[in-house]
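Asks: This is the structure I want to talk about, given as structure tokens.
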Amino acid sequence: MQWWCFSQTTAWSWNWQAYPGVWFFVAALAVGYARWSGVPLRDGRARCFYAGVLLLWAAFDWPLGPLGASYLASAHMAQFLLVGLIAPALLLLGLPARFFDRIGERPRALAVLSDLTHPLAAFMIYNVMMTVTHWPGVVDTLMATQPGMFALDMAWLLAGLVFWWPVLCPVPDRSGFHPLAKVAYLGINGILIRPPFAMMVFSEFPIYATYELAPPIPGTTALGDQQMAGAVMKVGQGWIMGIALGIIFYRWWLETRRARKVRTTA
């Protein structure tokens, strides 16, 4: 029995497989949050957190997990969007206020967090991690073993948490990071062309040995699937960033309008 998905050489089948390592990971997140946060399920924050946990489960477990680890680059890219972008945002939105209060009471932790999640640092960490973890040699090496695949998945998740932190979290306080600056931060990430995308879309041959040598799935080719993966990366990320910046801009507009009403009635 495998505890985590990794690259396989057997032909794909729709027979269910168990991955207890995935179950333990998502259960630890859910149980830990329930016992520590004190946030009831009816609270919107709890629902956000558990939604993030469910998305991680869907990304890591059967069938998307083994499909992405062994057979389809496009499935692998769908995993990245779930693990590296959507789930981290939901997990951060689910954190209770007391979590941030505790960070504020620890100057050393706050200083480290402030440097790590500075918008420029977060931008660099996320984009470097995204590029490195999609580089052919890195992908083929890490996905060959369960510990390597686990490390790859955790790198995506941690990079996503760092990326969203300056946008979603109140600690450390960044009054200079105006909502319009957040819009620019997300917009640049949404339109940025990264090396893995260019290689996947414009290469004339498969760049990942894992998927080139994988037992074929009827109706797919290694090159066509690779190009689809590039499209999933670019379009999916663009939509996620677009929705997020739209929400931020709309909330900023509402706050601005309320402030104007208060000034006119004062």
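The values are calculated or read from the model by the stated rules, or taken from the named source; none is laboratory data. These figures come from a predicted structure and were not determined experimentally. For the accessible areas, the whole protein counts, side chains as well, though only heavy atoms, and no ligand, DNA or RNA atoms are used. Shrake-Rupley method; radii C 1.70, N 1.55, O 1.52, S 1.80 Å.
Asks: Give me the compactness ratio for the stretch 69-126, meaning the Cα radius of gyration over 2.2 N^0.38 Å.
Replies: 1.52
Asks: Expressed in whole Å with the largest first, what are the equivalent ellipsoid semi-axes of the chain derived from the C-alpha gyration tensor as the square root of 5 times each eigenvalue?
Replies: 35, 22, 16
Asks: Can you give me the accessible area per residue for the stretch 1-135, using a 1.4 Å probe, in Å²?
Replies: Per-residue value: 50 Å².
Asks: Still on this structure, please answer the following. Return the sequence-ordered ³J(HN,Hα) values of the stretch 48-65 in whole Hz as given by the Karplus equation 6.51 cos²θ - 1.76 cosθ + 1.60 applied to θ = phi - 60°, using x for Gly and Pro.
Replies: Each residue's phi maps through the Karplus curve to give 4, 5, 5, 5, x, 5, 5, 5, 4, 4, 4, 6, 8, 8, 5, x, 5, x Hz.
Asks: Roughly how tilted is helix 146-168, in degrees to the nearest 10 and between 0 and 90, from the longest Cα axis of the chain?
Replies: So the helix axis and the longest Cα principal axis differ by about 20 degrees.
Asks: Still on this structure, I have one more. Once the mean 1/r over all distinct Cα pairs of the stretch 147-214 is inverted, what Kirkwood radius in angstroms do you read off?
Replies: That comes to 15.2 Å for the stretch 147-214.
Asks: Ignoring ligands, DNA and RNA, please state the percent of accessible area on the stretch 175-266 from carbon and sulfur, probe 1.4 Å.
Replies: Roughly 70 percent of what the probe reaches on the stretch 175-266 is carbon or sulfur.
Asks: Which percent of the accessible heavy-atom area of the stretch 40-125 goes to carbon and sulfur, probe 1.4 angstrom?
Replies: Summing carbon and sulfur atoms, their accessible area is 69 percent of the total for the stretch 40-125.
Asks: Going by alpha carbons, how many degrees (0 to 90, nearest 10) lie between the helix axis of 107-116 and the longest principal axis of the chain?
Replies: In the chain, helix 107-116 runs at an angle near 60 degrees to the longest axis.
Asks: Against the globular-protein guess of 2.2 N^0.38 Å, express the Cα radius of gyration of the stretch 191-238 as a ratio, rounded to two decimals.
Replies: My calculation over the Cα atoms of the stretch 191-238 gives 1.16.
Asks: Another question about this same structure. Report, to two decimal places, the Cα Rg of the stretch 64-167 normalised by 2.2 N^0.38 Å (N = number of residues).
Replies: Here the answer is 1.20, to two decimals.
Asks: Okay, helix-only estimate at 222 nm for the chain: each DSSP H run of n ≥ 4 adds -39500 (n - 2.57), divide by all residues, round to 500 deg cm²/dmol; what do you get?
Replies: -22000 deg cm²/dmol
Asks: Return an integer: the convex hull volume of the alpha-carbon atoms of the stretch 57-97, in Å³ per residue.
Replies: Normalising the Cα hull of the stretch 57-97 by residue number yields 48 Å³.
Asks: How large is the accessible surface of residue 250 in square angstrom, using a 1.4 angstrom probe and rounding to the nearest 10?
Replies: Near enough 130 Å² of accessible area.
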